[in-house]
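Written out below as structure tokens is the structure these notes cover.
No lab work stands behind these numbers, since they all come straight from the coordinates. Here the structure is a predicted model, which means the values were calculated and not measured. Ideal geometry is used to build each Cβ from the backbone, glycine not excepted, and the neighbour counts take in all protein chains shown.
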Amino acid sequence: MEWNDDAVKIVEAIPLPPMIAHYAKIDAERRARKKGLSCVTTDIARETEKGYEDALGKEAVELMRKMAAGEEVQLPDSFFVDEPDELYSIQLCPAKFGASTMEKREQMSRLLTPLRAKLKELGISRILTDKATTSIMSHHVFRVAVNGCSNACFSPYFSDFGVMGKYRPGVNSGRQCTHCGVCVSYCSEKAITLDEKGPVFDLQKCVMCAGCAEVCEQGVICTKEKGYKVVIGGTGSRHPRIAQTVAEFTDLDGVLRILEKCVRVLEATPVEGRVITFRDVVKKRGVETFKV
Ligand code: SF4
Ligand code: SF4
């Protein structure tokens, strides 16, 4: 595929978080191919830019544009803590680099400092070190993943302890629904229908991602309640396992109490064989053991 020089500049300037930045080029070539073109033109480059703006939302794009331009932006310090001396790791979703809304970043940052403090207070690194019977390697690490929402971009389901922000949607009674249908077509869970007054949510289907509130330009949809989903016992290792849900919707205190239970049970479980991992403890004891 050939590239127009200006198209290269446009695509390279699309503000994206580092983990997905290289997809923009692939996406532009995809768009060109679909139109039967052998060259990425400036029109295709603009289309690519618009596609990412629509996918990530105006707020995130604006923030990342400022970052790319070297302007001061407010990202929580807790997103960038380096802890090489600990035997836990906390992985964050792309919201770490601004690819999300303030609401989701706040929900993550609200959790992060107390979560780290709790891991230290419980002595997770010491517990894992004391239980090790072989040289300390990456499989000894207690893996935590914190995601801004239930889109779960960064592997909470393959982590020992995964947390996702959740946002229960509701209707802002002061705003008038225009029945534009944008929220209905946005919701990939098909959890929204419209009646004569406006949106109606099927909370059995809704995963509480906050997306509908973000796309409703009339401000009709809002977050009625914020919380967290907690999953435990996942691993992508030689015997992969998907983490199981221990709390569908809880608050910050609930997350910390579950974490404490997890670490206490891990500490009390004797090592059998060469290595003990938290995911093996969950498998052995069952997820019900960790509910609080
Ligand atoms: S709730 Fe908002 S997005 Fe949905 S139909 Fe009404 S105005 Fe449109
Ligand atoms: S919060 Fe997400 S899943 Fe729930 S209704 Fe809105 S868009 Fe659909």
* Structure fact -> Taking Cα atoms, the helix 252-268 axis meets the longest principal axis of the chain at an angle in degrees (rounded to 10) of 40 degrees
* Could you check the simple spin-label distance between Val81 and Lys283, using points 7 Å along Cα→Cβ, in nm with one decimal? => 3.0 nm
* Asked: Once you put a point 7 Å from the Cα of Thr193 and another 7 Å from the Cα of Ile26, both along the Cβ direction, what distance in nm separates them?
  -> 3.9 nm
* **Alpha-carbon centroid distance for the pair the range 185-199 / the range 79-134, whole angstrom** => 36 Å
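Compute the FRET efficiency between Lys205 and Thr133 as 1/(1 + (r/R0)^6), taking r as their Cβ-Cβ distance and R0 = 45 Å, and round to the nearest 0.05.
Working: r = 46 Å, r/R0 = 1.03.
The calculated FRET efficiency here is 0.45.
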* Asked: Principal axis lengths of the range 89-174 from Cα atoms, whole Å, largest first?
  -> 61, 24, 21
* Structure fact -> Most fluctuating of Asp85, Asp280, Asp54 in the GNM of the chain (C-alpha, under 10 Å) is Asp85
* **Spin-label pair Gln218/Phe249, simplified geometry with 7 Å Cα→Cβ offset, distance in nm** => 2.4 nm
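Using Cβ contacts closer than 10 Å as the measure, can you line up Leu111, Leu203, Leu252, Leu128 from fewest to most? All intermediate terms of the calculation are to be shown ahead of the outcome.
Details: Leu111 19, Leu203 10, Leu252 16, Leu128 22.
Arranged by neighbour count, lowest to highest, Leu111, Leu203, Leu252, Leu128 become Leu203, Leu252, Leu111, Leu128.
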* Helix axis angle, 58-68 relative to the chain longest principal axis, alpha carbon, degrees -> 80 degrees
* Asked: To the nearest 0.05, how large is the calculated FRET efficiency for His239 and Asp5 if R₀ is 51 Å and r is the Cβ-Cβ distance?
  -> 0.50
* Asked: For helix 23-34, what angle does its Cα long axis make with the longest principal axis of the chain, in degrees from 0 to 90 and rounded to 10?
  -> 40 degrees
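Loop-only GluC sites (Glu not before Pro) in the range 1-72, please: DSSP not H, G, I, E or B, and at most 11 other Cβ atoms within 10 Å. Could the numbers behind the result be given before it?
On the way: sites: Glu2, Glu12, Glu29, Glu47, Glu49, Glu53, Glu59, Glu62, Glu71, Glu72; in loops: Glu71, Glu72.
Those that pass, being in a loop and sparsely packed, are Glu71, Glu72.
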* Between Ala68 and Asp43, 0.36 nm times their residue separation minus their Cα-Cα distance comes to what? -> 6.8 nm
* **Which of Leu92, Leu194, Leu259 has the fewest Cβ neighbours within 10 Å, and the rest in rising order** => Leu194, Leu92, Leu259
* Select from Gly181, Gly254, Gly234 the residue whose mean-square fluctuation is largest in a Gaussian network model of the chain (Cα-Cα springs shorter than 10 Å). => Gly181
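Round to the nearest 0.05 the FRET efficiency obtained for Ala268 and Ala13 when R0 = 51 Å and r is the Cβ-Cβ distance.
0.40
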* Asked: What is the P(r) of the range 2-68, as percent of Cα-Cα pairs per 10 Å bin from 0?
  -> 23, 54, 21, 2
* Rounded to the nearest 500, what is the chain's calculated 222 nm mean residue ellipticity when only DSSP H runs of at least 4 contribute -39500 (n - 2.57) each, over all residues? -> -11500 deg cm²/dmol
* Asked: For Glu59 and Lys118 in the same chain, what is the full-extension length gain: residue separation times 0.36 nm, less their Cα-Cα distance, in nm?
  -> 18.0 nm
* 5 angstrom amide H check on Ala210, placed H, neighbours 5+ away -> Tyr167
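For the chain, take the convex hull of the Cα atoms, compute a quarter of its surface area, and give me that in nm², please. Please list the in-between numbers first.
On the way: hull surface 74.8 nm².
Directional mean of the projected Cα hull area for the chain stands at 18.7 nm².
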